[in-house]
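Everything below concerns the one structure shown next.
Only the coordinates and a few stated rules stand behind these numbers; no lab work does. Quick caveat, the model's predicted, so the values are computed rather than measured. In this analysis, Cβ positions are derived from the backbone assuming ideal geometry, glycine residues included, and neighbour counts consider all displayed protein chains.
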């Protein structure tokens, strides 16, 4: 179960800050964010070496896309396309609104259930595929498109901001109450992530949900090998601020034990 946290502050110098932990089987091969696709030279994204897609990427036009599984849908399924393709398909578009419109027409029967976050410095959307016949216009096997408003939001395999989910219920108030990323910073050298890196690496969970246990922590590793394999922090600058450039810091391992390093975006 991956996690994504968004801070939307329209009108600020940095109107979008996004943090994400990727939870996956430790033996599934991947490469850190880079320009891995010759036919998409404008895309920087993590590469899933097994299926060829990505879990998270950013294009040179300033569009960000993140894919998450829904509950109980980890891994591939015979006859279904890889959900990692959706990140690359989204990044073929210059902005989130265009990507959301285009992908709203997907036939979701081709994929296992997913969440797809699409965001830029003006808009943010969540596309949801809950299963065949669920969501979308008239329940006709199309994803539901949900605009994401201002403020701090959290997404896992459960619904957006669903505090019945143990991880969201425990951590969303902590992200909302923590020292926020310094969205008015003058540039990359002075940009601060506030309390978010510490929360991304937190190994604490709500013991009121023993059936979930360690899986409710932000950074974890189960005996099966499933756990948190990487973490990202991304900030997108406002239109009209050419002195500011997008920032992506990446931890290529569990964030409680792995430092964040800048991703080369230019």
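Remind me, relative contact order of the chain in percent, using alpha carbon pairs under 8 angstrom and six or more residues apart? Mind showing how you got there, number by number?
Working: 651 pairs, mean separation 54.3, N = 266.
Relative contact order for the chain comes out at 20 percent.
Among 46, 194, 11, which one moves the most in a GNM of the chain with springs linking Cα atoms closer than 10 Å? Answer for the Gaussian network model of the chain: 11. On the beta carbon distance between residue 214 and residue 122, with R0 = 41 Å, the FRET formula returns roughly 0.60. For segment 1-117, the square roots a ≥ b ≥ c of the C-alpha gyration tensor eigenvalues yield an a/c under 1.5, which makes the shape rounded. Ratio of Rg to Rh for segment 3-262: 0.93 [Cα atoms; Kirkwood radius as inverse mean 1/r over pairs].
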